[in-house]
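S.K.: Have a look at the structure that comes next, please.
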Amino acid sequence: MIASITYSYPDLRFWSEYTELWENSVHRPVFKSPHYIQFLAKKYEDNLSIYRFYREGKLKGASFFVKDGNEFRLLTDIKADHNFFVLHKDLGQEDIANFVKGFLAAIKKEHWAVSMHVQPSWASYMGAFEKLASSSGLFFDVAQHTVCPVLEEATPKDLFDKLNSSRELRYRVNRIKSQLNGEFEILIGDKDLDDWVRKFCLLHQKRWEGTDSPSRYTDEPSQQFLKNCLQAWADDNTLVRFSVKVGGERIAFVIGLLQQNRLIHHSTAYDDDYYKYSPGKALILTIAEWMKDNGQNILDFGEGAEPYKYAYTNKELALNQISISSYSNIPFILKVKIKKALRRRIVKNPGLKKFYNEKIRPLAKKVKA
């Protein structure tokens, strides 16, 4: 076994190894798909670092980081609903333990302070990771960062039947068809991507203009970034886009991402002029029908506890923040503990929670974008 951290943009051989690893990984995470991660790695190559885990000469685990000030964050923190490690599906418990031990040893050797957001509590390796990190001699903290609401049913048909039983959703679909002569569009790959992204960004700006959560797609670089992300996912065969068209113009959009047996409802936009028709809600039924025909039985509404999600979900999964450093890194440890204490106060105080959700959280997202 060889575990190490590298600090340069990798060569073609590594990307070939990584593609094979991802295709055979236990969770096959869409936010770590090969073209997507290559795009981000190139964009941030000056601050890139990669943890690599080899067994018998084969790449069996990997994770990508970017240096942000004095901390190392996951490369995909910039745009991900949940951040998995990429581990080969044939790894046993001893191999997983060695992967984690190698990572923790590298953190200690390199004197890293690591902050990892939206860590999926349901990841198959997470129990072993937390147990080993807790006894590693490093400062280790895990705190619930946010949630991921999902609708999970036994089969894709059960999921469709569940959503199709909603009179409201059927009403929204029928009203758009009968009163607006609307069409429901499903696009696979990168077909008509330029125009689709352009209109998505315009409507996203229009919807959030003048609110406490202004759109992140107000300038050309951010719009190009979104297009590049979608193109990368299209190249990885993980992108499905859903739209509503009225009079030939798209008025509602959903970016869907495929991850094994789940479809991630990643991002949405709609024309506020059609608010009373709820085109975004109507698209949920279209998504469910597509999932029924394509084998997905989990509709994942991604990061965040927005109220609309809970009308269509039956589970709430925890997304955690994990912080690791040496005990000598006092500034980092104090920051982690202060943030954790503030988060607890916010959760317990409805007024603080409202202020955080309406003022602080949107501002933080804007700064991050």
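S.K.: Residue by residue through region 2-19, note down the ones that are surrounded by 14 or more Cβ atoms within 10 Å (Cβ to Cβ) and not in a strand (DSSP E or B).
M.R.: Tyr9, Pro10, Phe14, Trp15, Glu17, Tyr18, Thr19
S.K.: Here is a list: Ser63, Ser33, Ser49. Which entry is small (Gly, Ala, Ser), touching a residue at least 12 places away in the same chain (Cβ under 8 Å) and within 22 Å of Ala128 (Cα to Cα)?
M.R.: Matching residue, one of Ser63, Ser33, Ser49: Ser63.
S.K.: How about region 30-45: which of its residues are aliphatic (A, V, I, L, M) and farther than 16 Å from Phe72 by Cα?
M.R.: Passing the criteria: Val30, Ile37.
S.K.: Take the conditions over 14 Å from Val240 (Cβ atoms) and assigned to a loop (DSSP other than H, G, I, E, B) and apply them to Gly302. Does it pass?
M.R.: For Gly302, the condition - over 14 Å from Val240 (Cβ atoms) and assigned to a loop (DSSP other than H, G, I, E, B) - is met.
S.K.: Within the set of pairs 6 or more residues apart or between chains, which connect a residue that is over 18 Å from His35 (Cα atoms) inside region 212-228 to a residue that is hydroxyl-bearing (Ser, Thr, Tyr) and surrounded by fewer than 17 Cβ atoms within 10 Å (Cβ to Cβ) with Cβ atoms less than 9 Å apart?
M.R.: As it stands, the answer is Ser215/Ser222; Arg216/Ser222, since those pairs meet every condition given.
S.K.: Which residues, counting only those in region 163-194, are without any contact (Cβ under 8 Å) to a residue 40 or more places away in the chain and either in a helix (DSSP H, G or I) or charged (D, E, K, R) (or both)?
M.R.: Those that are without any contact (Cβ under 8 Å) to a residue 40 or more places away in the chain and either in a helix (DSSP H, G or I) or charged (D, E, K, R) (or both): Arg167, Tyr171, Asn174, Lys177, Ser178, Lys191, Asp192, Asp194.
S.K.: Output the qualifying pairs, or none if there are none: Cβ atoms under 7 angstrom, residues six or more apart or on different chains, first residue in region 316-330 and among the small types (Gly, Ala, Ser), second residue surrounded by fewer than 16 Cβ atoms within 10 Å (Cβ to Cβ).
M.R.: Note: pairs meeting the criteria are Ala318/Gln144; Ser326/Lys108; Ser326/His111.
S.K.: Of the numbered conditions (1) in contact with a Phe, Trp or Tyr (Cβ under 7 Å, 6 or more places away or on another chain); (2) in the same structural domain as Gly280 (by TED's automatic domain parsing), Asp158 satisfies every one except a single condition; which is it?
M.R.: Status for Asp158: all satisfied but (1).
S.K.: Still on this structure: Name the residue that is nearest to the chain's Cα centre (by Cα), counting only residues in region 286-300 that are among the hydrophobic types (A, V, I, L, M, F, W, C) and surrounded by fewer than 22 Cβ atoms within 10 Å (Cβ to Cβ).
M.R.: Taking the candidates together, the pick is Ile298.
S.K.: Restricting to region 132-155, give me the number of residues that are outside any loop (DSSP other than H, G, I, E, B) and charged (D, E, K, R).
M.R.: Within region 132-155, residues that are outside any loop (DSSP other than H, G, I, E, B) and charged (D, E, K, R) number 2.
S.K.: Every residue in region 105-129 that is in a helix (DSSP H, G or I), over 21 Å from the mean Cα position of the chain (by Cα) and surrounded by fewer than 19 Cβ atoms within 10 Å (Cβ to Cβ), please.
M.R.: Listed by number, the residues that qualify are Ala105, Ala106, Lys108, Lys109, Glu110, Ala128.
S.K.: Here is a list of conditions, (1) more than 24 Å from Leu334 (Cα to Cα); (2) touching a Leu at 6+ places or on another chain (Cβ under 9 Å), and Ser115 meets all of them except one; can you say which number that is?
M.R.: Evaluating Ser115 over (1) more than 24 Å from Leu334 (Cα to Cα); (2) touching a Leu at 6+ places or on another chain (Cβ under 9 Å) leaves (1) as the failure.
S.K.: Go through region 190-231 and report how many residues are in contact with a helix residue (DSSP H, G or I) (Cβ under 7 Å, 6 or more places away or on another chain), buried (at least 20 other Cβ atoms within 10 Å of the Cβ) and aliphatic (A, V, I, L, M).
M.R.: Number of matching residues: 2.
S.K.: For region 31-47, name all the residues that are assigned to a helix (DSSP H, G or I), buried (at least 17 other Cβ atoms within 10 Å of the Cβ) and in contact with a Phe, Trp or Tyr (Cβ under 7 Å, 6 or more places away or on another chain).
M.R.: Lys32, Pro34, Tyr36, Ile37, Gln38, Ala41
S.K.: For region 243-257, check the following and say yes or no: at least one residue is assigned to a helix (DSSP H, G or I) and buried (at least 22 other Cβ atoms within 10 Å of the Cβ).
M.R.: No - not one qualifying residue is present in region 243-257.
S.K.: Mind listing whichever residues of region 319-342 are surrounded by 14 or more Cβ atoms within 10 Å (Cβ to Cβ) and aliphatic (A, V, I, L, M)?
M.R.: Once the filter is applied, which keeps residues that are surrounded by 14 or more Cβ atoms within 10 Å (Cβ to Cβ) and aliphatic (A, V, I, L, M), region 319-342 yields Leu319, Ile322, Ile324, Ile333, Val336.
The values are calculated or read from the model by the stated rules, or taken from the named source; none is laboratory data. This is a predicted model, so every value here is computed, not measured. Using ideal geometry, Cβ is built from the backbone for each residue, glycine included, and neighbour counts are taken over all protein chains shown.
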